[in-house]
Amino acid sequence: MHIHLRMAGLLLLLGLVTGCASIAAPTYQPSVDTTQVLLEHREARLAVGPFVASVGVPNTGLSVRGNQLSAGGSDGTFSDYLRNALITELKTAGRFDQQSQMRIEGVLANNALDAGAATGSATVAAHFVVTKASVNIYDKTLTVTHTWDSSFMGAIAIPSAVQNYAGAIQKLVFKLVTDPDFVRVTTTTKGV
């Protein structure tokens, strides 16, 4: 009986300790897979314009079991976190050129994170537009859902959810750069 009370007390204390923290999104790391894809057409340089979020889409914080995952973008938004991730990937592959006439802009259309007791998931969607000299050459919404093994214990599930959110962003960027329509317009119409 005393063991059960102690365990319940420990879980309650753990819940209180982790129940109100604010956690910053991790620094985005480029994906090897994305870099390899982007390196296939190094000559096609791209600029990156502004990224915003659709109305009602969480853009500054996501709840993770009572904790708050705060956006890691330079302006404190998840839309800018996605923008910075794309810039990081393009720079890593030598394809970023802010002076290019070919420009990518985006709207964060969905942003959800769930640190489930058994399985965690993050769903991220964005509407990407590529323009060349102000003419739309690509206009598409892409969505990814990333899942991972989670835990009932918050001390395990919360950090895992935070790290896997960045994994969902990696998957979204990879989906963009491997989309056949994106590849076609960004490699046959070279940036300047």
Practice problem: Could you list all residues from the range 167-188 that are among the hydroxyl-bearing types (Ser, Thr, Tyr) and either surrounded by fewer than 17 Cβ atoms within 10 Å (Cβ to Cβ) or within 19 Å of Ala115 (Cβ to Cβ) (or both)? | Solution: Thr178, Thr187, Thr188
Exercise. Quick one: count up the residues across the range 138-166 that are at pLDDT 95 or above and buried (at least 18 other Cβ atoms within 10 Å of the Cβ).
Key: 3
Quiz item: Among the residues of the range 6-41, which ones are at pLDDT below 80 and not in a helix (DSSP H, G or I)?
Solution: Gly19, Cys20, Ala21
Self-check item: Condition check for Val52: surrounded by fewer than 22 Cβ atoms within 10 Å (Cβ to Cβ) and assigned to a strand (DSSP E or B)
Solution: yes
Quiz item: Among the residues of the range 71-80, which ones are farther than 14 Å from Asn110 by Cβ and at pLDDT 85 or above?
Solution: Asp75, Gly76, Thr77, Asp80
Quiz item: Does the range 103-110 contain at least one residue that is of a type outside the set (Val, Ile, Thr) and touching a helix residue (DSSP H, G or I) at 6+ places or on another chain (Cβ under 8 Å)?
Solution: yes
Quiz item: Do any residues in the range 67-83 that are surrounded by fewer than 20 Cβ atoms within 10 Å (Cβ to Cβ) have Cβ atoms under 8 Å from those of residues that are modelled with pLDDT of 85 or more and among the charged types (D, E, K, R), where the two are at least six apart or on different chains, and which pairs are they?
Solution: Ser74/Asp80
Quiz item: Which of the residues that make up the range 113-128 are of a type in the set (A, V, I, L, M, F, W, C) and buried (at least 17 other Cβ atoms within 10 Å of the Cβ)?
Solution: Leu113, Ala115, Ala122, Val124, Ala125, Ala126, Phe128
Quiz item: When residues of the range 70-80 are filtered for being under 28 Å from Val135 (Cβ atoms) and of a type in the set (Ser, Thr, Tyr), how many remain?
Solution: 2
Quiz prompt | Residue that is modelled with the lowest pLDDT, among those in the range 42-58 that are aliphatic (A, V, I, L, M) and over 16 Å from the mean Cα position of the chain (by Cα) | solution = Ala44
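The values are calculated or read from the model by the stated rules, or taken from the named source; none is laboratory data. On a predicted model such as this, the values are computed, not experimentally measured, just so you know. With ideal geometry, Cβ positions are generated from the backbone for all residues, glycine too; neighbour counts draw on all protein chains shown.
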